[in-house]
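Read-outs: derived from the displayed coordinates by stated rules, not from any lab. Predicted model, so just to flag it, every value in this text is computed and none were measured. Because the Cβ atoms are built from the backbone with ideal geometry, glycine has one as well, and the counts that use them run over all protein chains shown.
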Amino acid sequence: MRNLAWRSVSALFLLCAMTATVASPGGKSSKKEKEDAPPGPALHLDVSPRHGFRPLTITMTGTLSGVATTDPDYCHAGIEWESRTPDGRIYSSKQDARCLHPPEQVDVQLTFSKVVTLGRPGVYEYRATLYRRDGSKLLSNTQEVTVLDNL
């Protein structure tokens, strides 16, 4: 009985070890993906939900990575939310950078969010732009949202 329990634990351990070493899709291991990741700051935009019936309320979340929470260039960074409507119009709303802290009190915000309600059916496209204190920009990826008409 004891031998059977030991074999079960050994088999489970072996299965976990094999699962941990399996390469990710695309043939690269997770360690290799980390090495291939571009150095420096990045802004990733996520939108939830990505589709639904109108009126559809979505939450956009921008996540800043590759930046120290004490980096004065990103202290209270400005954020601009840009959207393209189904009829091709482009809208944006912007908050300017406003860091007034002395260097020893810098605390970088790593997430930004905005809630929007969409009333017209169609495909919307969103992107966020982060503005550093010196005026340079960091662009996010784009996200599409599909709003369906409830007939």
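Structural remarks
- With a Förster radius of 25 Å applied to the C-beta separation of Arg84 and Thr111, the computed FRET efficiency comes to 0.60.
- Two-site label geometry, Arg133 and Asn150: point separation in nm, points 7 Å out along Cα→Cβ: 4.8
- Inter-site label distance for Leu100 and Arg120 at 7 Å from Cα along Cβ, in nm: 3.9
- Working from label points 7 Å from Cα in the Cα-to-Cβ sense, the Asp73 to Tyr91 distance is 3.3 nm.
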